[in-house]
Amino acid sequence: MSEQGVWTKVAELDEIPEEGVLGIETDDETPVVLVRSEGEIFAMRDECSHAEVRLSEGEVEDGTIECWLHGSCFDLRSGAPINPPATKPVPTYDVKIDGDDVFVSLDEKNS
Ligand code: FES
């Protein structure tokens, strides 16, 4: 089993729409975007790796989230960019659901 950090409660499950996003800020001011896609919840840093804009203002499609500014899509599992202009991954975080509560571990999985 992989090493896990401290879990932080960040939202209630029903705050995250189907095939939609919820942008939040944790207590340590980390911007996090929670994404619900195909029945799963994903978490990644709410900041494009190309320029400092919020990914939570983009669209969710086919397991990716699209940056609204220049159109790079990022894989929800790996944070990897699928298309330019972004070339670097966005940090992703482990998610845990407990009842109606959504927790994230802010140790970056892919840094
Ligand atoms: S700012 Fe996101 S792709 Fe350029």
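Candidates are the residues of the range 50-67 that are out of contact with any Leu (no Cβ under 9 Å at 6 or more places or on another chain) and closer than 20 Å to Gly39 by Cβ; the one that is farthest from the ligand (Cβ to nearest atom) is Asp62. Evaluated against (1) out of contact with any Asp or Glu (no Cβ under 8 Å at 6 or more places or on another chain); (2) surrounded by 14 or more Cβ atoms within 10 Å (Cβ to Cβ); (3) farther than 19 Å from Asp100 by Cα, Val35 falls short on exactly one condition, (3).
When Ala86, Ala43 are checked against the criterion of being in contact with a Cys (Cβ under 8 Å, 6 or more places away or on another chain), among the small types (Gly, Ala, Ser) and surrounded by 13 or more Cβ atoms within 10 Å (Cβ to Cβ), a single residue qualifies: Ala86.
Specify the residue that is nearest to the ligand (Cβ to nearest atom); the eligible residues are those in the range 76-111 that are part of a strand (DSSP E or B) and of a type in the set (Val, Ile, Thr). Among residues in the range 76-111 that are part of a strand (DSSP E or B) and of a type in the set (Val, Ile, Thr), the one nearest to the ligand (Cβ to nearest atom) is Thr92. When the criteria are applied in full, Leu13 fails the requirement of being touching an Asp or Glu at 6+ places or on another chain (Cβ under 7 Å), touching a residue at least 24 places away in the same chain (Cβ under 8 Å) and surrounded by 21 or more Cβ atoms within 10 Å (Cβ to Cβ). Any idea how many residues of the range 46-70 are touching a residue at least 24 places away in the same chain (Cβ under 8 Å), part of a loop (DSSP other than H, G, I, E, B) and surrounded by 22 or more Cβ atoms within 10 Å (Cβ to Cβ)? Residues flagged as touching a residue at least 24 places away in the same chain (Cβ under 8 Å), part of a loop (DSSP other than H, G, I, E, B) and surrounded by 22 or more Cβ atoms within 10 Å (Cβ to Cβ) within the range 46-70 amount to 2. Residue check: Cys73 meets all listed conditions (1) buried (at least 20 other Cβ atoms within 10 Å of the Cβ); (2) more than 16 Å from the ligand (Cβ to nearest atom) but one, namely (2). The numbered conditions (1) touching an Asp or Glu at 6+ places or on another chain (Cβ under 7 Å); (2) buried (at least 20 other Cβ atoms within 10 Å of the Cβ) are all true for Pro81 except (1). Whether a residue is of a type in the set (A, V, I, L, M) and in contact with a Leu (Cβ under 8 Å, 6 or more places away or on another chain) was assessed, and Leu34 passes this test.
FYI, it's all coordinate maths here, none of it is from the lab. Here the structure is a predicted model, which is why all the values come from computation and not from measurement. Reconstructed Cβ throughout: ideal geometry from the backbone, glycine too, with neighbour counts over all protein chains shown.
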